[in-house]
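Please read the structure below before turning to the comments.
The values are calculated or read from the model by the stated rules, or taken from the named source; none is laboratory data. Everything quoted here is computed from the prediction, not taken from an experiment. When we count neighbours, we look across all protein chains shown, and the Cβ atoms used for this are built from the backbone with ideal geometry, even at glycine. Note: areas computed on protein heavy atoms with side chains; ligands, DNA, RNA excluded. Shrake-Rupley method; radii C 1.70, N 1.55, O 1.52, S 1.80 Å.
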Amino acid sequence: MEANKMSKNPITKILGIKYPLIQAPLNWLTDAKFVAAVSNAGGLGTFGPNAGKTSPEQDSMKTLTEEIKRAQQLTDKPFAVNLMVSSSDDFIYPNQVFETALAAGVRTFVLSGFLNTELIKKVKKSGSKLIVREMNSTVSGAKEAEKLGADVIVATGYDEGGVIPTTGFGTFTTVPRIVDAVSIPVIAAGGVTDVRGVRAAFALGAQGVYVGTRLIVTNENRTAQITKEKIVDSGVNDILLVAPNQRSIKNAAADKWAAEFDDGDHETFAATRKAGGVRPAMLDGKINDGVISFDVGIDNIHEIKSVWEVVDEMMADFK
Ligand SMILES: Cc1cc2nc3c(=O)[nH]c(=O)nc-3n(C[C@H](O)[C@H](O)[C@H](O)COP(=O)(O)O)c2cc1C
């Protein structure tokens, strides 16, 4: 694929990385070892919320600073920090994360969730690179983010893992819509779990990929071994919708929430959060106690591999 040659790829140029592959932020499931492994493999590693923490009681900012310092020792390549904005007027927490990471030397940020004009302007004023991902990708939001100075936009389809877009539009629908709306480069998120997904994303006009799910099932990710094995043994038919915006691989907790959701209970998302979200089952390995959040590309994941192998295989056309 001539068009994919690195010398012509705007994402690698803008972000100063080897391959146009961005590791998506993963709540509770990132730490210095994992983030540095992605960056050393040629992608962009990203710290998500609760990076490096093992319990909710730990101080997020102190742990983030320590993890950033560790990552700086493990790699000389760029990596990013996620600014998770949970409503349009949410500023205090993501701003605190921004100030903390900036002070530690980070100059690349992934703002996700809702657009916050003040924060976007502040990030850009610091001279940092900014990737913007709306929770529900919209044409108006992408245009707004471009106007405010975002460097890269993420277009996310319903196929993704994590908190899924309630619009329900798949990756094949969402990526070209956003590509056609803006002049800055777009990266595709949602169900990209092997090289075929990467090729499809580029065929739709994306110039990079944003990969969460596939990178969870790697040696370097801190997800519990038992959970990684359960994921490898599961397929798309083992995934349940437990809330309008949340899937989980079947387990005792997911079966219960899915049944309640089926019965018309729309508070099940709050119930998953009250139970600790992805932390019990994914980080702590309490396999039946919470959400095992995953995308619908799960059938392409057959093995726990190293981060390097995953990135190398997905980026086969960029060598
Ligand atoms: C376990 C898990 C946790 C996630 N946590 C976050 C998060 O804290 N912040 C965020 O912006 N996105 C989060 N996401 C979404 C990812 O960043 C990304 O959008 C998604 O994983 C990309 O699609 P994929 O999983 O199909 O590769 C999470 C996804 C998963 C699977």
| query | For the stretch 235-293, what's the radius of gyration and Dmax over Cα atoms, in angstrom? | reply | 10.1, 30
| query | Rounded to the nearest 5, what % of the DSSP beta bridges within the chain are antiparallel ones? | reply | 15 percent
| note | Between the alpha carbon centres of the stretch 174-221 and the stretch 225-294 the gap in Å comes to 24 Å
| query | Averaged per residue, what accessible surface does the stretch 235-293 expose to a 1.4 Å probe, in Å²? | reply | 45 Å²
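How many percent of the accessible area of the stretch 170-319 is carbon or sulfur, using a 1.4 Å probe? Show your work: numbers first, answer last.
On the way: 2920 of 5990 Å².
That share works out to 49 percent.
First select every other residue whose beta carbon is under 12 angstrom from the beta carbon of LYS147; then total the charges, Lys and Arg +1, Asp and Glu -1. Intermediate values should be presented prior to the final figure.
Values: positive: LYS121, LYS124, LYS143; negative: GLU144, GLU146.
That works out to +1.
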| Inter-site label distance for LYS8 and MET61 at 7 Å from Cα along Cβ, in nm | 4.7 nm
| Dipole magnitude of the chain, debye to nearest 20 (Cβ charges: Lys/Arg +1, Asp/Glu -1, about Cα centre) | 1180 debye
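Computed from the mean reciprocal separation of all distinct C-alpha pairs, what Kirkwood hydrodynamic radius does the chain have, in Å?
Numbers: mean 1/r = 0.0518 Å⁻¹.
Computed over Cα pairs of the chain, the Kirkwood hydrodynamic radius comes out at 19.3 Å.
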| When the gyration tensor of the stretch 153-235 is built from Cα positions, what are the square roots of 5 times its three eigenvalues, in whole Å, from largest to smallest? | 26, 13, 11
| Charge context of PHE98, other residues only, Cβ under 15 angstrom, K/R +1, D/E -1 | +3
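Where only protein heavy atoms count, and the probe is 1.4 Å, what is the accessible area per residue for the stretch 120-221 in Å²?
On the way: 3580 Å² over 102 residues.
Using a 1.4 Å probe on heavy atoms only, each residue of the stretch 120-221 averages 35 Å².
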| query | Considering only Cα-Cα distances, which of the following residue pairs are longer than 25 Å: LYS53/LYS286; LYS121/LYS274; LYS274/LYS305; LYS230/LYS305; LYS62/LYS122; LYS33/LYS228? | reply | LYS121/LYS274; LYS274/LYS305
| query | Just how much of MET84 is accessible, in Å², when a 1.4 Å probe is used and the result is rounded to the nearest 10? | reply | 50 Å²
| How much net charge surrounds SER183 when only the other residues with a Cβ under 13 Å from the Cβ of SER183 are counted, with Lys and Arg +1 and Asp and Glu -1? | -1
| field | Estimated inter-spin distance, GLU118 and ASP180, nm [label 7 Å along Cα→Cβ] | value | 3.7 nm
